[in-house]
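Nothing in this text is a laboratory measurement; each read-out follows from the coordinates by a stated rule. Computed from a prediction, not measured in an experiment: that's the story for all the values here. Note that we place each Cβ from the backbone using ideal geometry, even for glycine, and neighbour counts take in every protein chain shown.
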Amino acid sequence: MITLKKAKMEDAAYILTIRNDLEIRQSSGGSTFIQDDEHYIWLKNFLTRKNHFYFIAELNNTPIGVVRFQPYNEINQSEISITIYPQTNQKKGYGKTVLRLGIEFIRKNTEINEIIARVLKTNPLSIEFFKNNHFSPFFEDDQFIFLKLCLE
Ligand SMILES: CC(C)(COP(=O)(O)OP(=O)(O)OC[C@H]1O[C@@H](n2cnc3c(N)ncnc32)[C@H](O)[C@@H]1OP(=O)(O)O)[C@@H](O)C(=O)NCCC(=O)NCCS
């Protein structure tokens, strides 16, 4: 069974491994390598901030990825970031379930009613993933396409 648990500082190493994975960096647009100390400060700060949510997705208690929500432009909007990891776990339907569970949490526990995904234009599989999960493109710049899911 796939479940989400709230990330804690003890998950820092797992989160950093994903963040620093070369392929993940290339697919997410965060291209720089992050050092341990910088990561710990960033995560500690993230976990204490209002309307910032970080989950570890687990399949039968083994981590299969992460999903994160953080404020976007408007008070009712949240930006999602989702990664299924390692890559051997991808394309098995886990991403779809993790997305659904994350959004369920947001629905039940916050006033947020729009979820925004910002995806690199060079990452067509992720764009398809969000489109197939009811997100619609609403904006693009040179680098990214922005997709939105309305919860009401
Ligand atoms: C985007 C991402 C989260 C999707 O996760 P995933 O677990 O691969 O997603 P799913 O398996 O639910 O769906 C992906 C595709 O796999 C296919 N798939 C799902 N279950 C399958 C199965 N059992 N057998 C074969 N194919 C399957 C589906 O066709 C699906 O494509 P669709 O969206 O066109 O229906 C993942 O690819 C990832 O972590 N990418 C790197 C980080 C990233 O780019 N994140 C997005 C930006 S925030």
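Brief remarks follow.
For every residue, the table says whether it meets (1) assigned to a strand (DSSP E or B); (2) of a type in the set (D, E).
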residue	(1), (2)
K5	yes, no
R25	no, no
I41	no, no
K50	no, no
Y54	yes, no
P63	yes, no
Q70	yes, no
E79	yes, yes
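- Failed item, numbered, when R100 is tested on (1) more than 10 Å from the ligand (Cβ to nearest atom); (2) closer than 23 Å to A7 by Cα: (1)
- Criterion violated by S31 - all others in (1) assigned to a strand (DSSP E or B); (2) under 18 Å from S126 (Cβ atoms) satisfied: (1)
- The criterion of at least 2 residues that are within 22 Å of I64 (Cα to Cα) is met, among strands (runs of 3 or more DSSP E) falling completely within region 97-152, by 114-120.
- Region 22-56, residues that are under 17 Å from the mean Cα position of the chain (by Cα), farther than 19 Å from A7 by Cα and of a type in the set (S, T, N, Q): Q26, S27, S28, S31
- The set of residues in region 4-20 being of a type in the set (D, E) and closer than 20 Å to V98 by Cα consists of D11 alone.
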